[in-house]
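This report concerns only the one structure given below.
Each reported figure results from applying straightforward, stated rules to the coordinates on display, with no laboratory input. On a predicted model such as this, the values are computed, not experimentally measured, just so you know. Cβ coordinates were reconstructed from backbone atoms using ideal geometry, including for glycine residues, and neighbour counts include every protein chain displayed.
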Amino acid sequence: MRVWIDADACPRGAKDQVVKFALKRGFEVVLVAGQSQVRPAFACVRLVVVPSGPDAADDYLVEQAVPGQLAICSDVPLADRLLKKGVAVLDPRGREFDERNMGERLAVRNLFSDLRDQGQMGGGQAAYGERDRQAFANALDRILTRLASSAEPR
């Protein structure tokens, strides 16, 4: 089992939570970033810094992730690309991306992007808090359990 993290935009609390699960359950975590980051000092964690450029980290994630793995990202277009490859995708606030909600999530993302471009809306998401951390941990546990059971030989 491998969990990929779009590390540039992922809150530290979510990254730390994934590492805790990795240590407990014995899977690999790959942080993919467009800029250097501090890598947790555990053998199960690898950091890949891709050459800078538009969508370079996203492209690397899509190229490397395989069906049955999990990716953590808040980038809706990236989540859509990963889902189409059969990769499970979870955002750092505990919301799972799936085929049923992807159309709506893309539409909302595009609407907010247009409103920001027109100056009718500012800012981004609220600060990452304890409620987000708990929702993420619960969803992460549920998805990892589901992926592990579907990977077991029958």
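Here are some notes:
- Criterion violated by Ala57 - all others in (1) assigned to a helix (DSSP H, G or I); (2) surrounded by fewer than 20 Cβ atoms within 10 Å (Cβ to Cβ); (3) among the aliphatic types (A, V, I, L, M) satisfied: (2)
- Any hit, the range 16-30, residues being farther than 23 Å from Lys84 by Cβ, in contact with a helix residue (DSSP H, G or I) (Cβ under 8 Å, 6 or more places away or on another chain), surrounded by fewer than 15 Cβ atoms within 10 Å (Cβ to Cβ) and basic (Lys, Arg): yes
- Looking only at the range 1-26, and only at residues there that are under 12 Å from Leu144 (Cβ atoms) and touching a residue at least 60 places away in the same chain (Cβ under 8 Å), the one that is nearest to the chain's Cα centre (by Cα): Val3
- Qualifying residue in the range 90-98 (condition: touching a Phe, Trp or Tyr at 6+ places or on another chain (Cβ under 8 Å), surrounded by 16 or more Cβ atoms within 10 Å (Cβ to Cβ) and small (Gly, Ala, Ser)): yes
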